[in-house]
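Colleague: Attaching a single structure in structure tokens format; questions to follow.
The values are calculated or read from the model by the stated rules, or taken from the named source; none is laboratory data. Remember, predicted model here, so these are calculated numbers, not experimental data. Neighbour counts run over all protein chains shown; Cβ positions are idealised from the backbone, glycine included. Note: accessible area is taken over every heavy atom of the protein model, side chains too, but ligands, DNA and RNA are not part of it. Shrake-Rupley method; radii C 1.70, N 1.55, O 1.52, S 1.80 Å.
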Amino acid sequence: MLLAYDHGFERGPSDFDEHSIDPAWIMDIADSGYFTGVIFQKGIASKYYDKKKYKVPLIVKLNGKTAFHAGEEPISLQNCTVDEARELGAVAVGYTIYVGSENEQQMIQEFSKIEEEAHAKGLIVMGWMYPRGKHVKSDIDKETLAYAARLGQELNCDAIKIKYTGRPENFGWVVKAAGKTAVFVVGGEKVEDEEAVLKTTREIIECGAAGWAVGRNIWQAKEPKALAKKIAEILYK
Amino acid sequence: MLLAYDHGFERGPSDFDEHSIDPAWIMDIADSGYFTGVIFQKGIASKYYDKKKYKVPLIVKLNGKTAFHAGEEPISLQNCTVDEARELGAVAVGYTIYVGSENEQQMIQEFSKIEEEAHAKGLIVMGWMYPRGKHVKSDIDKETLAYAARLGQELNCDAIKIKYTGRPENFGWVVKAAGKTAVFVVGGEKVEDEEAVLKTTREIIECGAAGWAVGRNIWQAKEPKALAKKIAEILYK
Amino acid sequence: MLLAYDHGFERGPSDFDEHSIDPAWIMDIADSGYFTGVIFQKGIASKYYDKKKYKVPLIVKLNGKTAFHAGEEPISLQNCTVDEARELGAVAVGYTIYVGSENEQQMIQEFSKIEEEAHAKGLIVMGWMYPRGKHVKSDIDKETLAYAARLGQELNCDAIKIKYTGRPENFGWVVKAAGKTAVFVVGGEKVEDEEAVLKTTREIIECGAAGWAVGRNIWQAKEPKALAKKIAEILYK
Amino acid sequence: MLLAYDHGFERGPSDFDEHSIDPAWIMDIADSGYFTGVIFQKGIASKYYDKKKYKVPLIVKLNGKTAFHAGEEPISLQNCTVDEARELGAVAVGYTIYVGSENEQQMIQEFSKIEEEAHAKGLIVMGWMYPRGKHVKSDIDKETLAYAARLGQELNCDAIKIKYTGRPENFGWVVKAAGKTAVFVVGGEKVEDEEAVLKTTREIIECGAAGWAVGRNIWQAKEPKALAKKIAEILYK
Amino acid sequence: MLLAYDHGFERGPSDFDEHSIDPAWIMDIADSGYFTGVIFQKGIASKYYDKKKYKVPLIVKLNGKTAFHAGEEPISLQNCTVDEARELGAVAVGYTIYVGSENEQQMIQEFSKIEEEAHAKGLIVMGWMYPRGKHVKSDIDKETLAYAARLGQELNCDAIKIKYTGRPENFGWVVKAAGKTAVFVVGGEKVEDEEAVLKTTREIIECGAAGWAVGRNIWQAKEPKALAKKIAEILYK
């Protein structure tokens, strides 16, 4: 289970409250023992991730865009080098590809250079595979997600982060399309009912996913660590 | 005869069934002795092509685009370096040029750098020469395909992959336009009638083509190896 | 308190009078002891900032655009390298990102390279975080400024320059969004009432800001040094 | 007299017949002793120009575009490096600039780098100076061609290839605009009347041109070598 | 007083007569002792400027565009490196920035790299500061020219070339905006009345300009050297 916290970049601080706006508060949750990685942009990593102190592995997200761009074909470009991520203590790097966007080629090309360099330097490479843009009818459709997952494998991702179709009867096809590439499911918006989160956790595991990359569902929860513990028990057993 | 398997990138997994979605299953066909090359994107090559184990030579495709881009002028950019392809065990690299596209110049320029580097490093260079875009009236027209074939030669391809005109009486002109550049014919969509495949095989060989670069017609066949064997007998005699 | 003087680039000499058009006159104010930095473009720094003579630290602004571009989506690109800034004696470099602009990605990417290089060479990195362009409804809205401030932190700025919301009751949220990144408030247009300037100074300090980055309010004042002294007394106590 | 044979790239094989489609047949004409250079794209040069065997000097064309792009502003980008051309045995490199095109600046900039490198490495630099695009009213107008010729000189071409105005009374001005840059006249479409070709040859020489860069008028002629001999006698006396 | 002769590039040979089309004829005027510099594009410099023979210093113009582009937003890109200019014997390099053009940022960025490199290699850097494009109402307006002049200083030009407002009562403000950057006034179109040229010469000198960068007014004059002598006497006394 990965704890994602790049929302300040992608969505702005309006998702945060007085606690969650503080990366130090997030790091405390991340390092609680229930997570196998924490995902930051370089600025947060630089100021709040002490590589000598924390045990939870660091994943640095290498691109990002703000939420202002409604109506534009999505594009997100590299803002951190592989070397800078390593320097910060990262064991893995992440990059979003908006699959189907008119700018898809630019992101695929940039990502492919990151993939080559990061693998050569011993880092794990993760792709956020998000179908998006005017050519994409639905971003939770089985075939669309299977395509995105497959692209992640074709581009040599070690792992991908992808939405859940919402249906356990077809998500296995998405996982199968990813082949040897591990599949992490995006947490998405806060779900009020904790039982629903645990149920979905069981579903995705049964479909072959490697686990969650979760953000708001943890740090917007009343008791983040308690919920993390419950999810972890399902995932790691 | 080359076995092409970049459909997961170019067309998505909807072409696949439970067998063909698995690159390991494809590798088993590719290494059956009937093929002189197997074509993968770098991710599949990295995870499924064991250069110590397999005898069939590896061709790594260096660019690709997804199928989402209907109505756009086609463009496909490099996503794998020549060095990364070599590292994976490739003896040849491939690259698609959408001849006639408004983005043609960008692809020609990128390809020309690949050609220089790959040849300098002893690799074979293949061009997927596909007339496409709003300026292209027909992509199986004799003159259009002859132009695409010629461009492959002018750009110093060792081999090209190109559509068949469908008519044995004029395909010789396409092959002639390619000069010393070897011509491989694209398999295209699955043909139900196996006899038709064998008949076409004879036609293209008589026109001077070097052989097939075939995908769906093999791995969507009921008995892929049996069909491969029949085609191979025609091609290699 | 930083003295900003890049108006000749960003707005043209129409803001200047016979005194303020002369960078030597500005340097005299800047080096009066009330400022912790002076902000120039490279040309002014090269001709008027004598690094052996002056005590006030130099901040070189690395990008800029002219005021002609009404109706265009804003973009401002690098016109000075980190090395050139160091050579001129800079201890810090600044760069404007027009947050929300359709060209935002280009500026984020360029800035991220500057950030990496400048930090590696021991310089302080400042971001002018200005929400601007057709997607931005208001550039003094609390949420918008908090987003811009947060982006500055996520991009690893040591300090940012940002507008004031105008309301002491909500500017603390903007400062909080910036986390460990120091917040300097843009002076903006000349305010006639000096008491108003001093009152605002107290407000931003109470909200947690590090201070002002002020230009016209100082060098268009009747007695620039006297006003600077009054502000400095509030800021540095 | 230069023999041009880049038509397979620029116009496609529809200009060719069973003989002229074969670069070996062209090389035989080129090396007949009547030509001072043969012009190929790199692919043809690589496969058919044996630098140990042939005496006629090789000119490698470094850019090219296909004929599909009617209605677009013309652009033609580099597809062969100076080093690759040298490796192939070239003594000169050529590059087309579509003067007046909206993409003119991109070609001028790319060409200027080629010019610097090629001259530094001892190669002759030729510019194909072709006024083209929506801003160009006529491409055989005296002033337009004089401008194109002049641009060739300003960009430091050793020689240019340019159209003939068709009128001996004004072509001298075009040659004069080129100054110390040698002027080769484009052969253009096949002229049926051989006497007309010889007459034009005399005209351009009297206007100060260095000679022809001819293609179709030679290799579409009934007896290419015989015609070449007649033209050569006029040019070289 | 600088003699400008890049008209063959910027305007074409239609400004020339049988004499002025010949750069050798121009060099004779330039080296007459009345000029402190001659301005060429690299091709003319390479063929006509003999650095061992001539005393007049060479200024190489590093960008240029043709006159075909009416209705386009102006852009002019680098076509000669700093090293190539030095090799040709230049003591200074020039570059046009179309201030206010939608392409302004591209030119500012390119120029800034030239400025850094040229200064590091000991060359003088001149900016042709020309307000141009749809955002520019008037290119001889006092405020507009003062802005352009100021930008030249902010970008660290040693000297700029700029239009005259036409009015001695306000041109001093333009010169003041340029600060320590020397101001050369563009000659512009041929003025028939020589007295008018001499009168304007006195005006610009009194406003603080460094002198003229003149072209047509000299080499289209009946007696270029005689006129140059008269202007020189005013400028250098």
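Colleague: Mind checking the mean number of beta-carbon atoms from other chains within 10 Å of the Cβ atoms in B:62-71?
Modeller: Averaged over the peptide's residues, the number is 5.
Colleague: Decide, for the protein assembly as shown, between rounded, prolate and oblate: order the square roots of the alpha carbon gyration tensor eigenvalues as a ≥ b ≥ c, take rounded if a/c falls under 1.5, and otherwise choose prolate if a/b is larger than b/c, else oblate. Walk me through the numbers on the way to the answer.
Modeller: Working: a/c = 2.59, a/b = 1.00, b/c = 2.59.
Oblate is the answer for the protein assembly as shown, as a/c is 1.5 or above yet b/c matches or exceeds a/b.
Colleague: How many nanometers, to one decimal and shortest first, lie between the label point of D:Glu169 and those of its other copies, if labels sit 7 Å from Cα toward Cβ?
Modeller: From this label point to the equivalent ones elsewhere in the assembly: 5.4, 5.4, 8.8, 8.8 nm.
Colleague: Which three lengths, in whole Å and largest first, does chain C cover when its Cα atoms are put on their principal axes?
Modeller: 41, 39, 35
Colleague: Per the Debye formula with a single identical scatterer at each Cα and no solvent contribution, what log10 I(q)/I(0) holds for segment A:10-53 at q = 0.14, 0.17 Å⁻¹?
Modeller: -0.34, -0.50
Colleague: Helix check for chain E. Which DSSP H runs span at least 20 Å along their own axis by Cα, with a mean Kyte-Doolittle hydropathy no less than -1.0?
Modeller: Helices meeting the criterion: none.
Colleague: What's the whole-number percent of alpha carbon pairs in segment D:1-130 lying beyond 20 angstrom?
Modeller: Counting pairs separated by more than 20 Å, the tail of P(r) holds 45 percent.
Colleague: Here is a follow-up. Give the carbon-plus-sulfur fraction of the accessible surface of segment D:1-84 in %, rounded to a whole number; probe 1.4 Å, heavy atoms of protein chains only.
Modeller: 47 percent
Colleague: How do A:214-223, E:39-48 rank on mean C-beta neighbours within 10 Å, highest first?
Modeller: Top to bottom by mean Cβ count within 10 Å: E:39-48, A:214-223.
Colleague: For segment D:95-171, I need the span (max minus min coordinate) of the C-alpha atoms along each principal axis, in Å, sorted largest to smallest.
Modeller: Sorted largest first, the three principal extents are 38, 28, 14 Å.
Colleague: Looking only at Cα atoms, what is the convex hull volume of segment D:118-212 per residue, in Å³?
Modeller: So the per-residue hull volume is 107 Å³.
Colleague: Follow-up question, since we're still on this one. What are the nm distances, shortest first, from A:Lys55 to its equivalents in the other copies, labels at 7 Å along Cα→Cβ?
Modeller: 5.2, 5.2, 8.4, 8.4
Colleague: Moving on. Students often check this: by mean Cβ neighbours within 10 Å, which of E:198-207, C:126-135 ranks highest, and how do the rest follow?
Modeller: Going by the mean number of other Cβ atoms within 10 Å, highest first, we get C:126-135, E:198-207.
Colleague: Between segment A:1-33 and segment C:86-137, what is the C-alpha centre distance in whole Å?
Modeller: Comparing the Cα centres of segment A:1-33 and segment C:86-137, I get a distance of 24 Å.
Colleague: Shifting gears a bit: For B:205-218, what's the mean count of beta carbons from other chains sitting within 10 Å of each residue's beta carbon?
Modeller: Working: counts 0, 0, 0, 0, 0, 0, 0, 0, 0, 0, 0, 0, 0, 0.
So the per-residue partner count for this stretch is 0.
Colleague: Moving on to the next point. Looking only at the protein assembly as shown, where both bridge partners belong to it, what percent of the DSSP beta bridges are antiparallel (to the nearest 5)?
Modeller: Given both bridge residues lie in the protein assembly as shown, the antiparallel proportion sits at roughly 5 percent.
Colleague: Please work out which residue of chain D brings its Cβ closest to the axis of the rotation superposing D onto A, and round that distance to whole Å.
Modeller: D:Gln106, 10
Colleague: Rolling a 1.4 angstrom probe over the protein heavy atoms, how many square angstrom per residue are accessible across the protein assembly as shown?
Modeller: Result: 37 Å² of accessible area for each residue.
Colleague: What value, in deg cm²/dmol to 500, does the helix sum -39500 (n - 2.57) over DSSP H runs of n ≥ 4 give at 222 nm once divided by the residues of chain D? Display every interim value, and only then the final one.
Modeller: On the way: 10 runs with 94 residues, N = 237.
That comes out to -11500 deg cm²/dmol.
Colleague: Given bins 10 angstrom wide, list per bin the percent of all Cα-Cα distances in segment E:180-225, short to long.
Modeller: 27, 54, 17, 1
Colleague: For the ranges C:142-153, C:51-62, B:6-17, what's the packing order if you count other beta-carbon atoms within 10 Å of each residue, average per peptide, and put the highest first?
Modeller: Highest mean packing first, the order is C:142-153, B:6-17, C:51-62.
Colleague: Same structure again: List the residues of segment A:5-19 for which accessible area in the full set of protein chains is at least 30 Å² lower than for the chain on its own; 1.4 Å probe, protein heavy atoms only.
Modeller: By number: A:Gly8, A:Phe9, A:Pro13, A:Glu18.
Colleague: Taking the alpha carbon gyration tensor of segment A:63-192, what are the square roots of 5 times its eigenvalues, largest first, to the nearest whole Å?
Modeller: Working: eigenvalues 108, 66, 39 Å².
With the √(5λ) rule applied to segment A:63-192, the semi-axes are 23, 18, 14 Å.
Colleague: Suppose you put the label 7 Å out from Cα in the Cβ direction; list, shortest first and in nm with one decimal, how far A:Ala226 is from each other copy's label.
Modeller: Distances between equivalent label points, in nm: 6.4, 6.4, 10.3, 10.3.
Colleague: Near E:Pro13, within a Cβ-to-Cβ distance under 15 Å, what is the net charge of the other residues, with Lys and Arg +1 and Asp and Glu -1? Can you show the working numbers first?
Modeller: Details: positive: D:Lys142, D:Arg150, D:Lys176, D:Lys180, E:Arg11, E:Arg216; negative: D:Asp141, D:Glu143, D:Glu154, E:Asp6, E:Glu10, E:Asp15, E:Asp17, E:Glu18, E:Asp22.
Local net charge: -3.
Colleague: Measure off, as a whole percent, the carbon and sulfur share of the 1.4 Å-probe accessible area of segment A:167-236, all protein chains present.
Modeller: In segment A:167-236, the share of accessible area belonging to carbon and sulfur is 50 percent.
Colleague: Let me ask another. How many percent of Cα pairs in segment A:24-73 exceed 16 Å?
Modeller: Result for the distance tail: 44 percent.
Colleague: Within 10 Å of each Cβ of A:37-44, how many other protein chain Cβ atoms are there on average?
Modeller: On the way: counts 0, 0, 0, 1, 5, 6, 15, 7.
Partner-chain Cβ atoms within 10 Å, mean over residues of A:37-44: 4.
Colleague: Restricting to chain B, compute how many DSSP beta bridges are antiparallel as a %, nearest 5.
Modeller: 5 percent
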